[in-house]
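Single-structure report; data block below.
The values are calculated or read from the model by the stated rules, or taken from the named source; none is laboratory data. Because the structure is a prediction, the values reported are computed rather than measured. Here the Cβ positions follow ideal geometry from the backbone for every residue, glycine too, while neighbour counts run over all protein chains shown.
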Amino acid sequence: MVRFLIRRVLLGIFVLWVVSMAVFYLFFGLNKSGPNAVASRICGKQCTTQQINAVKTRLHLNAPLPKQYWYFLFGYPGKDDPNGLPRNHGILHGDLGYSYVNQQSVNTTIKQSFPITLSLAVGSAVLWLAMGLASGILSAIRPRSLLDRTFTFLALFFYSMPTFVLGVLLLLLLFYQLTVHGVSWFPAGGYVNLTDNPAEWARHMLLPWFTLAAVTSAAYTRLTRGSMLDVLGEDYIRTARAKGLTERRVVFRHGLRAALTPIVTQFGIDLGTLLGGAIITEQVFNLPGLGFQAVRAITSNDLPIIIGVVVIATTAIVLANLVIDILYAVLDPRVRLH
Amino acid sequence: MALLEVNDLQVSFSTPDGVLKAVRGLSFSVDEGKTLGIVGESGSGKSVATQTIMGLTQGARISGEALFEGHDLLQMSTHQLQHIRGAQVGMIFQDPLSSLHPYYRVGWQLIEMIRAHDKSVGKHKARDRAVELLRLVGIPQPDRRVDDFPHQFSGGMRQRAMIAMAMALNPKLVIADEPTTALDVTVQAQVLAVMKRLQEEFGTAIIMITHDLGVIADVADDVVVMYAGKAMETGDRSTIFYRHHNPYTEGLLLSLPAYGDDRERLHPISGQPPSLITLPAGCPFRPRCPYAFDKCVEEPPLFDIGRAGDHQSACWLPTDMRKREKVRRDTLGKAAEVVAVDTSEV
């Protein structure tokens with residue numbers, strides 16, 4: 001178990017290293033005008049070549065790529081200047097640097113954005129698990145029934161609907177139309193801190209939660225249905241019935257328990273991915289989460305923010321996979337971690 | 001009165017290819033403390049018949065009656081059946097690895113069985129009983145093995161655990177569906193011995209479903225030979241082995257190797273069992289039967305053989321062995337003629 005953990009953490013660090021290098025290469029290596037684009041964007045349209053060069057020097061954009069990566073790891077050379085601009089201390093010192101655009105600390109930006117993304121991810125995850133599991137189990141108990149066909153139809157309907165269509169549709173119906181008719185239950189978007197006002201937080205998150213959950217739960221309906229149908233055909237389910245157990249106990253204690261494994265796997269991957277930011281949902285509902293920040297950073301060539309979001313997203317996925325593997329061993333006694 | 005009396009059981013399924021008649025008018029009875037062997041090839045309907053009686057087949061059309069202590073199991077609600085299953089009728093299945101839940105400890109599964117029918121049994125008491133049951137079926141160090149998962153047991157131990165589970169509530173009847181098929185030969189004998197010992201100790205009746213005549217010879221008091229969803233021959237063990245009438249029974253026995261056998265080769269029954277969707281007209285065994293003659297295009301009912309009424313066979317052949325040999329010679333003669341005609345045409 002300890003060896004397993006050590007190996008997986010080392011592997012995770014290796015993945016982070018490769019991903020961060022890939023982002024660096026994409027940003028600078030493939031785009032020779034990258035440094036110029038960054039510098040001219042920062043100092044504006046009226047900028048002289050001299051000013052651009054000054055910016056490039058300040059941000060060390062003229063340094064060769066490996067050196068810039070070195071700075072990203074270990075920080076810029078020199079000492080802190082108490083009066084000047086803050087100095088990047090490098091990711092190995094826990095410092096993700098400063099935005100090229102507004103000199104704000106990337107750490108601060110992420111600290112502000114992550115709770116928003118987390119609220120969105122966890123809230124919608126609870127919703128989609130509940131909807132997906134319930135409809136999947138009901139479908140599996142009575143396959144090919146009217147209920148099963150209805151759930152299948154709904155699942156395919158939402159599954160094939162893009163997030164931006166569903167999100168905008170919900171806004172149109174539940175925000176715009178209701179508000180026009182004098183009922184303002186749902187806001188148009190934005191975020192309220194959970195700690196500031198829990199009720200408002202939930203009110204603001206409700207539509208984004210539902211949007212994300214509807215699109216995702218469709219996959220869980222199908223997954224749960226398939227997995228449950230497989231398990232309910234197993235010999236040990238027949239044994240459970242032969243023992244004289246109630247059908248409820250057969251389905252949940254014996255059936256669902258075994259059907260859960262693939263669902264947990266999928267859930268871990270989905271949740272991990274979402275923790276890196278739900279780009280479209282955050283855009284539609286104007287939630288300044290990680291995905292929102294990433295889009296803004298990409299359109300303004302703000303490498304430090306991009307790298308920061310990528311590091312967080314990668315970490316989330318690596319951790320999610322680690323947790324899945326540990327859960328696997330907890331769920332299935334036949335699995336040994338090594 | 002018989003403990004379980006099944007009359008004219010019919011089970012069929014709708015499949016995309018047509019109606020599959022799995023069981024076609026099966027009748028048998030089991031007396032208290034006795035063992036009924038049901039023997040037949042794969043797909044003869046022996047498992048479907050017993051699982052249907054316990055309400056474990058889904059999507060089947062069922063008719064007939066199955067009287068357990070006078071109450072018809074086929075008319076019972078699921079709720080009523082749940083009280084019978086496990087408590088009154090225990091079941092053992094073929095593959096003990098897939099029949100035990102892989103995620104729960106063996107002890108947990110035993111305790112669940114005990115407490116499912118009597119909530120008043122405390123958890124500790126149920127656990128003690130589970131250990132006792134494992135000891136009873138001959139599992140070494142039962143107090144420790146009770147906390148093992150099924151995959152930590154060997155094949156024979158798993159089947160012993162299944163037996164312990166089926167016997168946990170001291171049921172009147174145990175239905176064992178090919179309990180030894182998935183086991184090594186040496187382990188088979190041990191498992192059968194355990195079942196026989198428990199039967200003697202608790203007076204349990206057993207329905208032993210198998211395709212292995214060796215198992216039948218070992219444990220059965222009475223035997224039903226099944227083919228294509230029907231009983232071909234019924235009788236007590238010695239009748240079936242030594243005074244059988246039906247050519248199918250004879251075929252099964254001839255295909256069996258025996259210790260000290262001086263035959264040069266075995267005689268398997270040629271051909272395959274018929275499709276249960278498109279059954280041949282007449283006797284279902286006709287296409288494979290070495291005795292088949294004109295009369296066999298009509299399906300034979302179960303005739304009483306002899307006078308006592310305890311031996312029945314579904315076959316048109318005369319009971320007299322000498323007359324029977326004549327039928328065979330005639331049939332073979334005709335077949336030879338047909339072959340001769342064929343070659344002359346070519």
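Of the residues making up the stretch A:280-297, none is away from every other protein chain (no Cβ under 14 Å), under 10 Å from the mean Cα position of the chain (by Cα), assigned to a helix (DSSP H, G or I) and acidic (D, E). Residues in the stretch A:294-308 that are without any contact (Cβ under 8 Å) to a residue 60 or more places away in the chain and surrounded by fewer than 20 Cβ atoms within 10 Å (Cβ to Cβ): A:V295, A:R296, A:I298, A:T299. Number of residues in the stretch B:250-269 that are in contact (Cβ under 8 Å) with a residue 40 or more places away in the chain and more than 20 Å from B:T50 (Cβ to Cβ) equals 2.
Annotation for the stretch B:134-147: at least one member residue is surrounded by fewer than 22 Cβ atoms within 10 Å (Cβ to Cβ), within 14 Å of chain A (Cβ to nearest Cβ) and modelled with pLDDT of 95 or more. Consider A:L118 against the criteria (1) buried (at least 20 other Cβ atoms within 10 Å of the Cβ); (2) closer than 30 Å to A:I13 by Cβ: it satisfies all of them except one. Which criterion is unmet? Answer for A:L118: the failing condition is (1). Against the conditions (1) more than 8 Å from chain A (Cβ to nearest Cβ); (2) closer than 30 Å to A:L331 by Cβ; (3) more than 19 Å from the chain's Cα centre (by Cα), B:S63 satisfies every one except (2).
Conditions (1) out of contact with any helix residue (DSSP H, G or I) (no Cβ under 9 Å at 6 or more places or on another chain); (2) farther than 13 Å from B:I38 by Cα, marked per residue:
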site: B:G214; (1), (2): no, no
site: B:V219; (1), (2): no, no
site: B:V224; (1), (2): no, no
site: B:K230; (1), (2): yes, no
site: B:D236; (1), (2): yes, no
site: B:T239; (1), (2): yes, yes
site: B:H245; (1), (2): no, yes
site: B:E250; (1), (2): yes, yes
site: B:L256; (1), (2): no, yes
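Report whether or not B:P280 is surrounded by fewer than 20 Cβ atoms within 10 Å (Cβ to Cβ), within 30 Å of B:V187 (Cβ to Cβ), out of contact with any His (no Cβ under 8 Å at 6 or more places or on another chain) and modelled with pLDDT under 95. The answer is no for B:P280.
Every condition in (1) surrounded by fewer than 17 Cβ atoms within 10 Å (Cβ to Cβ); (2) of a type in the set (K, R); (3) closer than 16 Å to B:M226 by Cα holds for B:R288 except the one numbered (1). In the stretch B:245-268, is there at least one residue being at pLDDT below 90, small (G, A, S) and under 25 Å from the mean Cα position of the chain (by Cα)? Yes, because at least one residue in the stretch B:245-268 is at pLDDT below 90, small (G, A, S) and under 25 Å from the mean Cα position of the chain (by Cα). Count of the stretch A:241-271 residues, restricted to those that are under 21 Å from the mean Cα position of the chain (by Cα) and within 9 Å of chain B (Cβ to nearest Cβ), is 0. Residues considered: A:T179, A:T195, A:T224, A:T216. Of these, the only one that is assigned to a helix (DSSP H, G or I), of a type in the set (S, T, Y), over 30 Å from A:Y328 (Cβ atoms) and more than 14 Å from chain B (Cβ to nearest Cβ) is A:T179. Please find, among B:I53, B:I92, B:I84, B:I114, the residue that is closer than 25 Å to B:Q188 by Cα, buried (at least 19 other Cβ atoms within 10 Å of the Cβ) and β-branched (V, I, T). After applying the criteria, what remains is B:I92.
For the stretch B:72-111: of the residues being of a type in the set (D, E, K, R) and within 7 Å of chain A (Cβ to nearest Cβ), which is farthest from B:I62 (Cα to Cα)? Result: B:D95. Only strands (runs of 3 or more DSSP E) whose full extent lies in the stretch B:159-247 are considered here, and the ones with at least 2 residues that are farther than 17 Å from B:L26 by Cβ are B:173-177, B:205-210. Of all the residues in the stretch B:126-153, those that are in contact (Cβ under 8 Å) with a residue 12 or more places away in the chain and not in a helix (DSSP H, G or I) number 8. A search for C-beta distances below 8 Å between a residue of the stretch B:281-303 that is assigned to a helix (DSSP H, G or I) and any residue that is among the basic types (K, R), counting only pairs 6+ apart in sequence or on different chains, returns B:C296/B:R286; B:V297/B:R286. Does A:T281 satisfy being of a type in the set (S, T, Y) and either more than 30 Å from A:F72 (Cβ to Cβ) or without any contact (Cβ under 8 Å) to a residue 60 or more places away in the chain (or both)? No; evaluated as a whole, the condition is false for this residue. Give the residues of the stretch B:148-166 that are among the aliphatic types (A, V, I, L, M) and within 12 Å of chain A (Cβ to nearest Cβ), sorted by residue number. Matches in the stretch B:148-166: B:A161, B:M162, B:M165, B:A166. Just one of A:R238, A:R203 is within 13 Å of chain B (Cβ to nearest Cβ), out of contact with any helix residue (DSSP H, G or I) (no Cβ under 6 Å at 6 or more places or on another chain) and not in a loop (DSSP other than H, G, I, E, B); which is it? Only one candidate passes the filter, namely A:R238.
The lone criterion from (1) in contact (Cβ under 8 Å) with a residue 60 or more places away in the chain; (2) under 11 Å from B:A66 (Cα atoms) left unmet by B:K34 is number (2). Scanning the stretch A:298-338 for residues that are within 14 Å of chain B (Cβ to nearest Cβ), in a helix (DSSP H, G or I) and not β-branched (V, I, T) yields A:L327, A:Y328, A:A329, A:L331.
Looking only at residues of the stretch A:237-263 that are crowded, with 24+ Cβ neighbours inside 10 Å and out of contact with any strand residue (DSSP E or B) (no Cβ under 9 Å at 6 or more places or on another chain), we find that the one that is nearest to B:L110 (Cα to Cα) is A:A240. Only one entry of A:V15, A:V9 meets the criterion of being closer than 22 Å to A:D95 by Cβ and surrounded by 14 or more Cβ atoms within 10 Å (Cβ to Cβ), and that entry is A:V15.
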